[in-house]
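*Asks:* What follows is a structure written as structure tokens; I'll ask about it next.
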Amino acid sequence: MTMSGSANVVRFAAPGRVNLIGEHTDYNAGFALPIALPERTAVAFQPADTDEMVVCSDRADAPVRFPLDTKPCAVTGWAAYVAGIVWALQHAGHPVPGGTMSISGGVAMGSGLASSAALACAALGALLCATGRQIDRIEQARIACRAENEYVGAPTGLMDQLAILFAESRRAQLIDFDHLTTRSVAFDPDAHGVALLLINSQSAHQHAAGEYAARRASCERAAAALGVSSLRDVQGRGVAALRAVSDPEDLRRARHVITENRRVLDTVAALDERDFDEVGRLLNASHASMRDDFEITTAHIDLIAETAVGAGALGARMTGGGFGGCVIALVLADEVQAVEAAVREQLHKTGYPEPAIAHIRAGVGPGRRRGPGLR
């Protein structure tokens, strides 16, 4: 679909994200430390005097149409994230014009890199620009999260949206989900002879099928057993506070959250000291906790992390919701080729797909773009 009258087309793009550490802590009012990816999902929106939205994507064969008064679950699939933003914006009292939106995807889907949140934030930014509305980033995050939770039906926390909206080049964001605050943390390993590798297993994560919701429910049961509103309320007492959780599975889930929060804060302290050896150790401990206590890794993902560390990586962990997706590895610059070769060789030997491996750096947040219509 080619847009006519390009003068009034609003172009906006938003990045995906990689979580350095702090998995499944967001909905437990804990801490996380994400960065934005260089890859971005872009949209081009042309307002029109109509009561419907037409959306098309370079990854889909046909456009999707829906009325502006759309209701939750009325649209499914990739277009649901745009429809959800339209619904959530209006629900929050902000007008939304009809028109045509074209999407150009740059963030890999199904890999735990927040491609859905990138799309939602890009659509949100374009619609706000088109209407001249200014909303603070915390409220934007809430609107985008509500679109996923209540319209799409994905029980996500706020991490993806906050990570994207507050992203800065060569910086990570320490997010405190209890107080909904962010703190910018220097993250430029390349300046210290260290590389961050993103290893895409090419195995799509599938937590939306119920596993993510099950983990969230388990954490809620643990908090209820402790008589608190969230696990954050007992964070200061450490794992000793979990003795009142009688269910063994709920205990393991809660233990992951409590120890993961501590690892996030310890990682920030290590980064402040430029101690990448300690950061690597914390990444390894995080992966072990996700594997043994939260049980969200897979044999495929475990093999990647273990192989990377065995080949010389300072540390490696799964990133994202789990059950597939990507591994990040912190590697000394002169060890990058050896680690990449070892991972590729081991996965080939064991019959897994060829991984996609990239050297990544913390990217910038969302913003307007210039250029012709996308499709």
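*Asks:* Which ³J(HN,Hα) values in Hz, rounded to whole numbers, follow from the phi angles of the stretch 261-272 under the Karplus curve 6.51 cos²θ - 1.76 cosθ + 1.60, where θ = phi - 60° and Gly and Pro get x?
*Replies:* Values per residue, Gly and Pro as x: 4, 5, 5, 4, 5, 5, 5, 4, 4, 5, 5, 4 Hz.
*Asks:* What net charge do the residues around residue 356 carry, taking every other residue with its C-beta under 14 Å from that of residue 356, with Lys and Arg at +1 and Asp and Glu at -1?
*Replies:* -2
*Asks:* Right, here's the next one. In whole Å, what is the distance between the alpha-carbon centres of the stretch 276-310 and the stretch 27-89?
*Replies:* 33 Å
*Asks:* By counting other Cβ atoms within 10 Å of each Cβ, how are 54, 339, 107 ranked from fewest to most? Each step should come with its number before you reach the end.
*Replies:* Details: 54 18, 339 25, 107 22.
Ascending Cβ contact count within 10 Å gives the list 54, 107, 339.
*Asks:* Between 27, 212, 352, where does the largest GNM mean-square fluctuation fall for the chain, given springs only between Cα atoms within less than 10 Å?
*Replies:* 352
*Asks:* Could you give the length gained on full extension between residue 224 and residue 190, defined as 0.36 nm per residue of separation minus the Cα-Cα distance, in nm?
*Replies:* Working: separation 34, 0.36 × 34 = 12.24 nm, distance 4.38 nm.
Going from the current span to full extension adds 7.9 nm.
*Asks:* Another question, then. What is the sum of charges around residue 198, taking Lys and Arg as +1, Asp and Glu as -1, for the other residues whose C-beta is under 13 Å from the C-beta of residue 198?
*Replies:* Neighbourhood net charge equals +1.
*Asks:* If you don't mind, there's one more thing I want to ask. Classify the stretch 99-197 as rounded, prolate or oblate, taking a ≥ b ≥ c as the square roots of the eigenvalues of its Cα gyration tensor: rounded when a/c is under 1.5, otherwise prolate if a/b is larger than b/c and oblate if not. Write out the running numbers ahead of the final one.
*Replies:* On the way: a/c = 1.68, a/b = 1.48, b/c = 1.13.
Prolate, because a/c is 1.5 or more and a/b exceeds b/c.
*Asks:* What distance in nm separates the simple spin-label points at residue 266 and residue 361, each placed 7 Å from Cα in the Cβ direction?
*Replies:* 3.0 nm
*Asks:* Taking 45 Å as R0, compute the FRET efficiency from the Cβ-Cβ separation of residue 292 and residue 109 and round it to 0.05.
*Replies:* 0.95
*Asks:* Okay, moving on. Report the calculated FRET efficiency for residue 49 and residue 244 (r = Cβ-Cβ distance, R0 = 56 Å), to the nearest 0.05.
*Replies:* Approximately 0.40, to the nearest 0.05.
*Asks:* Could you order peptides 75-87, 38-50, 357-369 by the average number of other Cβ atoms within 10 Å of their residues, highest first?
*Replies:* The densest-packed peptide leads the list: 75-87, 38-50, 357-369.
*Asks:* Something else: Once you order the gyration tensor axes a ≥ b ≥ c over the Cα atoms, which shape class does the stretch 47-117 get: rounded for a/c under 1.5, otherwise prolate or oblate by comparing a/b with b/c?
*Replies:* Taking the square roots of the gyration eigenvalues as a ≥ b ≥ c, the stretch 47-117 is prolate.
*Asks:* At residue 334 and residue 217, where each label point lies 7 Å from the Cα along Cα→Cβ, what is the point-to-point distance in nanometres?
*Replies:* Going by the 7 Å Cα→Cβ label model, 5.3 nm.
*Asks:* Calculate, for residue 62 and residue 299, the FRET efficiency according to 1/(1 + (r/R0)^6) with r their C-beta to C-beta distance and R0 41 Å; round to the nearest 0.05.
*Replies:* Details: r = 38 Å, r/R0 = 0.92.
Here the calculated transfer efficiency is 0.65.
*Asks:* Further question on the same structure: With a 10 Å radius around each residue's Cβ, average the other Cβ atoms per peptide and rank 190-196, 331-337, highest first.
*Replies:* Highest-to-lowest ranking by the protection proxy: 331-337, 190-196.
*Asks:* At residue 169 and residue 273, where each label point lies 7 Å from the Cα along Cα→Cβ, what is the point-to-point distance in nanometres?
*Replies:* Placing both labels 7 Å along Cα→Cβ, they lie 3.1 nm apart.
*Asks:* How big is the antiparallel share of DSSP beta bridges in the chain, given as a percent to the nearest 5?
*Replies:* Antiparallel bridges: around 90 percent, rounded to the nearest 5.
*Asks:* Among 122, 269, 223, which one shows the highest mean-square fluctuation when the chain is modelled as a Gaussian network with alpha-carbon springs under 10 Å?
*Replies:* Greatest mean-square fluctuation among the candidates belongs to 269.
*Asks:* With θ set to phi - 60°, apply the Karplus curve 6.51 cos²θ - 1.76 cosθ + 1.60 along the stretch 113-128 and write out the HN-Hα couplings as whole Hz, x wherever there is a Gly or Pro.
*Replies:* Here the 3J(HN,Hα) series is 10, 6, 4, 5, 5, 4, 5, 4, 5, 5, 5, 4, x, 5, 5, 5 Hz.
*Asks:* Using the number of other C-beta atoms within 10 angstrom as an exposure proxy, rank 53, 290 with the fewest first.
*Replies:* Fewest-to-most ranking of 53, 290: 290, 53.
*Asks:* What three numbers, in Å, describe the spread of the alpha carbons of the stretch 188-360 along their principal axes, ordered from the longest?
*Replies:* Reported extents, whole Å, longest axis first: 50, 39, 21.
Bear in mind these aren't lab numbers, they're just calculated from the coordinates by the rules spelled out. Predicted, not measured: the structure shown is a model, and the values here were computed from it. Neighbour counts run over all protein chains shown; Cβ positions are idealised from the backbone, glycine included.
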